[in-house]
1. Please verify whether segment 55-63 includes one or more residues that are modelled with pLDDT under 75 and either hydrophobic (A, V, I, L, M, F, W, C) or within 13 Å of the ligand (Cβ to nearest atom) (or both).
2. Among the residues of segment 5-18, write down those that are over 12 Å from the mean Cα position of the chain (by Cα), surrounded by 12 or more Cβ atoms within 10 Å (Cβ to Cβ) and within 16 Å of the ligand (Cβ to nearest atom).
Amino acid sequence: MCENIVNYNAPSGYGYISVNEKCGNTNAYGNTLVCNDCQYDPTAKDHRANAKADRESYSYAGYGEL
Ligand SMILES: [Zn+2]
């Protein structure tokens, strides 16, 4: 992940609004936003996998979802 801003359309009322979120944030659909740079960068996926592993180790330790 990086500091790039990802633009996407989120549902709002009867239509959609244009939203700018930082790369790596979760969008309105619960998906991780990835900028074009990271999308084709294998190391970005590694970062995601590490973050997931961190969350799993937390839940195993009884801390639950942070
Ligand atoms: Zn990025």
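The values are calculated or read from the model by the stated rules, or taken from the named source; none is laboratory data. Note that the coordinates shown come from a computational prediction; the quantities given were computed from them, not determined experimentally. Because the Cβ atoms are built from the backbone with ideal geometry, glycine has one as well, and the counts that use them run over all protein chains shown.
1. Here is the first cut: in segment 55-63, the ones modelled with pLDDT under 75 are 55-63.
From what is left, the residues that are either hydrophobic (A, V, I, L, M, F, W, C) or within 13 Å of the ligand (Cβ to nearest atom) (or both) are 61.
Scanning segment 55-63, I find at least one residue that is modelled with pLDDT under 75 and either hydrophobic (A, V, I, L, M, F, W, C) or within 13 Å of the ligand (Cβ to nearest atom) (or both), so the answer is yes.
2. Of all residues in segment 5-18, those over 12 Å from the mean Cα position of the chain (by Cα) come to 7-18.
Next, from what is left, pick out any that are surrounded by 12 or more Cβ atoms within 10 Å (Cβ to Cβ): 8-10, 16.
Passing the criteria: only Tyr8.
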